[in-house]
Amino acid sequence: MAEELSAKRQCSETSDQSSNLDDVHVPGEKREYTRTLTGVEIHGKEMLEVVCTSKPDKAEEMISRLWRKAGGLYPRFVGVHVEYTREDEPPQRSAVMQLCVEELCLVYHVATATKCKKTKKLVKHWPKSLNDMLKHEKLFTFVGFNIQGDKEKLKMYGFEINPNKKEDHNLWGISPLPNYLIEYTTIDVYATYKSWKIIDNISTGLEISKE
């Protein structure tokens with residue numbers, strides 16, 4: 001894009017099992033948390049709602065909201081972006097996954113995800129609804145730059161996507177993620193989503209002009 005996106009966080013709410021979010025992070029510690037950032041401002045125009053969570057149950061709720069929001073649109077684009085663990089420390093895995101539809105964004109902190117209360121399972125830490133959504137190739141169009149790389153990494157967790165810089169990778173293991181990283185990763189997925197909508201609008205306009 002010609003102009004770099006920037007974000008301004010207006011307010012945030014955090015819920016976790018710790019009474020003090022400013023305490024020292026213990027490497028490898030998995031802390032259950034959810035952070036909600038409302039009024040994340042992009043270029044003084046778009047105002048985003050962002051939920052960052054390590055809880056599969058909370059991710060399920062957000063995916064349901066994204067599903068409903070995308071279901072009312074055409075085309076049904078869903079922005080996808082993935083942050084990874086260090087490349088020089090194989091196997092490189094997905095650390096943070098972002099999904100975006102319009103002004104609603106989910107930042108799922110896979111690296112520190114906790115077990116799902118419904119299934120009591122620790123394996124993979126991926127909500128079932130996420131798998132279901134990613135497999136709906138006829139209903140949704142998943143868009144992203146470097147999407148092939150994202151697809152290959154997600155295959156390690158048994159997921160398939162059929163789509164029609166940067167900060168130190170070590171930081172993606174911090175639990176909870178600091179607000180500036182949440183904003184950073186939200187900008188990535190939102191920029192992807194908006195870019196593809198613009199591309200689609202231009203393509204549609206060209207097709208109409210040819211008729």
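The values are calculated or read from the model by the stated rules, or taken from the named source; none is laboratory data. Fair warning: this is a prediction, and the values are worked out from it, not measured in the lab. Reconstructed Cβ throughout: ideal geometry from the backbone, glycine too, with neighbour counts over all protein chains shown.
List the residue pairs whose Cβ atoms are under 8 Å apart, where the first residue sits in the range 172-189 and is within 17 Å of Lys45 (Cα to Cα) and modelled with pLDDT under 90, the second is surrounded by fewer than 20 Cβ atoms within 10 Å (Cβ to Cβ) and among the polar types (S, T, N, Q), and the two are 6 or more positions apart or on different chains.
Ile187/Ser6
Looking at Thr14, Thr36, which one is of a type in the set (S, T, N, Q), farther than 19 Å from Asn131 by Cβ and either at pLDDT 90 or above or assigned to a loop (DSSP other than H, G, I, E, B) (or both)?
Details: Thr14 fails: either at pLDDT 90 or above or assigned to a loop (DSSP other than H, G, I, E, B) (or both).
Only one candidate qualifies: Thr36.
Among the residues of the range 54-93, which ones are among the basic types (Lys, Arg), touching a helix residue (DSSP H, G or I) at 6+ places or on another chain (Cβ under 6 Å) and closer than 28 Å to Ser203 by Cβ?
Result: Arg76, single match.
Of everything in the range 60-91, what is surrounded by 16 or more Cβ atoms within 10 Å (Cβ to Cβ) and in a loop (DSSP other than H, G, I, E, B)? Give them in sequence order.
If the condition is that a residue be surrounded by 16 or more Cβ atoms within 10 Å (Cβ to Cβ) and in a loop (DSSP other than H, G, I, E, B), then Arg76, Thr85 are the ones that fit.
List the residue pairs whose Cβ atoms are under 8 Å apart, where the first residue sits in the range 66-79 and is within 15 Å of Cys100 (Cβ to Cβ), the second is surrounded by 13 or more Cβ atoms within 10 Å (Cβ to Cβ) and among the small types (Gly, Ala, Ser), and the two are 6 or more positions apart or on different chains.
Trp67/Ser129; Arg76/Ala70; Phe77/Ala70; Val78/Ala70; Gly79/Gly144
Which number in (1) buried (at least 21 other Cβ atoms within 10 Å of the Cβ); (2) modelled with pLDDT under 75; (3) under 18 Å from Ile182 (Cβ atoms) marks the one condition that Thr114 misses?
(1)
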